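Take a look at the structure below.
The values are calculated or read from the model by the stated rules, or taken from the named source; none is laboratory data. Since the model is a prediction, treat every value here as computed from it, not as a measurement. Don't worry about glycine lacking a Cβ; one is built from the backbone with ideal geometry, like all the others, and counts go over all protein chains shown. Surface areas here come from the heavy atoms of the whole protein model, side chains and all, with no ligands, DNA or RNA. Shrake-Rupley method; radii C 1.70, N 1.55, O 1.52, S 1.80 Å.
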Amino acid sequence: MIGRSLRVEASVGAQRDACGERDVRATVRFVDAALGHRFARLRITNESQRTCSVGGYPGVGALGDQGSIFHHAVEQREPLADGDVTTQPIRLMPGAAAVLNLEWTGELAGAQSEWIRTLVIQLALGQGPLGISLNAPGDEQPWDIGIITTVNVGPWQSAANS
């Protein structure tokens, strides 16, 4: 089901040294909310024994609490910048990390809506996606992405530069 949930695919094809879903550990941290916009930062850490790379924009999708594939709009654009941003490949040595910014807005999940349970990320075009669990029991974060919420995803950046 995770593989069918992508709303948009990654912008860069898998290269020989591309990080795969088994090479990384992914986490998401809520950052801020303002005027109907929510912001978070996604971080991947290379946990393999080899150097691998990511670049461009990831593919994105979502699954809901009840297992539904969300049909939300996804835009691949940096939510925290007005101009051009770099989408150059980032080489991750073992233990190194890359980050990207997420924003969601529009119709947010409410009491009568299905909320996001799994954020789905594709690191490179042609690869399988990985799922990141959200809204675990006791989670205080407002992951109120609903089935028709708009999500903006930025390009990968070196965690050392952010």
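Give a quick list of trypsin sites (Lys or Arg not before Pro) in the range 33-74 that DSSP marks as loop, anything other than H, G, I, E or B, with at most 14 other Cβ atoms within 10 Å. Could the numbers behind the result be given before it?
Details: sites: 38, 41, 43, 50; in loops: 50.
Listed in order of number, the matching sites are 50.
Taking every alpha-carbon pair under 8 Å whose residues sit at least 6 apart, the chain reaches a relative contact order of 33 percent.
Between the DSSP loop rule and a limit of at most 14 other Cβ atoms within 10 Å, which chymotrypsin sites (Phe, Trp or Tyr not before Pro) in the range 1-100 are left?
Values: sites: 30, 39, 70; in loops: 70.
Within the range 1-100, no chymotrypsin sites (Phe, Trp or Tyr not before Pro) qualify (loop, at most 14 other Cβ atoms within 10 Å).
Once all protein chains are placed together, residue 148 keeps about 100 Å² accessible to a 1.4 angstrom probe.
Applying 1/(1 + (r/R0)^6) with R0 = 41 Å to the Cβ-Cβ distance of residue 22 and residue 80 gives a FRET efficiency near 0.85. By the Kirkwood approach, averaging reciprocal distances over each pair of separate Cα atoms, the chain gets a hydrodynamic radius of 15.7 Å. Restricting the GluC sites (Glu not before Pro) of the range 1-71 to loop positions (DSSP other than H, G, I, E, B) with no more than 14 neighbouring Cβ atoms within 10 Å leaves 47.
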